[in-house]
Amino acid sequence: MNYQQLECDYFNLYNQFISVDSTISFEKNNRILIKDFVFFYHQILKQKDFNYLTGIRNKIALKVQKYMQQYSIAPKSLNLSCLRENKHIEFFEMFYKALGYFVAFRQKLNEEQKLQIIISSIDESFGYKFSIENFQNLDHFKKSDILTLPERCLNNFHLAMIHLCIMILNPLNLKDYNQHLDKAINYLIDGSFNIYEIILKEYSLLYPKDQNFKQELAKLKELEVQILMQEISKLKLSNNYKELCGEILYNLELEKITQK
């Protein structure tokens, strides 16, 4: 097996996962497994050590198999012939980079800030104000997986992969190639955009007195109006969001150094 065959095998594995997901409803899909797929695809594209990649592939295949058995889903037939497609790769790498920014941002937060984000998320979900006293087990929330990748963004990746699987696994019977490619790319752009939005939202919550940030964010909000008026693309705005998030990470690192 070579890297091209491994990539084909990857899409076959994901297609098996989709067969479960489409049966049990989208809301219940295994987001931990989606995260594994994101990481694995990145490693394939970087052509990491083949034995290492094979090990990851076997672990994911075992998870997919157990997932299918759990819901009594029969395996789908494998597609040995796969389309060689690379037009989406630039946008996948953009999505992966955004996830890297998200993890780096969360890693720079202290326990108090993590708790503040968790409480804010609960406030938003339930529609009323919580306080620390509302939590019976505060340690549980402090130790919760603050680095869990955003669910909405993993959903974007999952939707992109559905269209890519249709394209890549059906090279001889594909009428709507461009339509599926465009949809996959748009989902990856949306995923990147949403990740940067989350970072900016959380930073705004944690650093409400940062006036420079507020001014830069206000400029970006003006650009959002231009997107609605179709004057600029969402991709361009996503890149602008990325630049501001990069500045945030740099400033947080400086803050961390000065506090030592």
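Loop only by DSSP, 11 or fewer other Cβ within 10 Å of the Cβ. Give me the trypsin sites (Lys or Arg not before Pro) in the stretch 1-78 that pass, ordered by residue number.
Listed in order of number, the matching sites are 46.
Rounding to the nearest 10 and keeping the result within 0 to 90°, find how far the Cα-based axis of helix 151-168 lies from the longest principal axis of the chain.
The two axes meet at around 20 degrees.
Averaging sequence separations of C-alpha pairs under 8 Å and six or more residues apart, then dividing by the length of the chain, give the relative contact order as a whole percent.
Contact order relative to length: 23 percent.
What nm value, rounded to one decimal, do you get for the distance between residue 107 and residue 93 when each label is placed 7 Å out toward the C-beta?
Using points 7 Å along Cα→Cβ, the separation is 2.1 nm.
Just to check I understand the Karplus step: with θ = phi - 60° and J = 6.51 cos²θ - 1.76 cosθ + 1.60, what whole-Hz values come out for the stretch 180-185, glycine and proline as x?
5, 4, 4, 5, 4, 4
Taking N as the number of residues in the stretch 82-125, what value does Rg over Cα atoms divided by 2.2 N^0.38 Å take?
Compared with the compact-globule rule of thumb, the stretch 82-125 sits at 1.79.
Got a sec? Charge dipole of the chain, +1 on Cβ for Lys and Arg, -1 for Asp and Glu; which of 195, 62, 156 is way out at the positive end?
The residue sitting farthest along the positive end of the dipole is 62.
In the chain, once you exclude exposed chymotrypsin sites (Phe, Trp or Tyr not before Pro) (DSSP loop, at most 15 other Cβ within 10 angstrom), what's the longest stretch remaining?
With chymotrypsin sites (Phe, Trp or Tyr not before Pro) excluded where exposed in loops, the chain gives 131-260 as its longest stretch.
Output needed: Cys residues of the chain lacking any neighbouring Cys C-beta below 4.7 Å, sorted by number.
153, 165, 245 - these cysteines have no disulfide-compatible partner (Cβ-Cβ under 4.7 Å) in the chain.
Taking 7 Å along the Cα-to-C-beta vector as the label spot, tell me the residue 240-residue 51 distance in nanometres, rounded to one decimal.
5.0
How high is the FRET efficiency from residue 227 to residue 39, r the C-beta distance, R0 41 Å, rounded to 0.05?
0.85
Ignoring ligands, DNA and RNA, what percent of the accessible area of the chain is carbon or sulfur (1.4 Å)?
51
May I ask you to compute the full-extension gain from residue 71 to residue 151, defined as 0.36 nm times their residue separation minus their alpha-carbon distance, rounded to one decimal in nm?
26.6 nm
For the chain, find the longest principal axis of its Cα atoms and tell me its angle to the long axis of helix 111-126, 0 to 90°, nearest 10.
Orientation of helix 111-126: about 70 degrees from the principal axis.
The values are calculated or read from the model by the stated rules, or taken from the named source; none is laboratory data. Fair warning: this is a prediction, and the values are worked out from it, not measured in the lab. For neighbour counting, all protein chains shown are included, and Cβ atoms are generated from backbone atoms with ideal geometry for every residue, glycine included. To get the accessible areas, we keep the full protein, side chains included, count just its heavy atoms, and leave off ligands, DNA and RNA. Shrake-Rupley method; radii C 1.70, N 1.55, O 1.52, S 1.80 Å.
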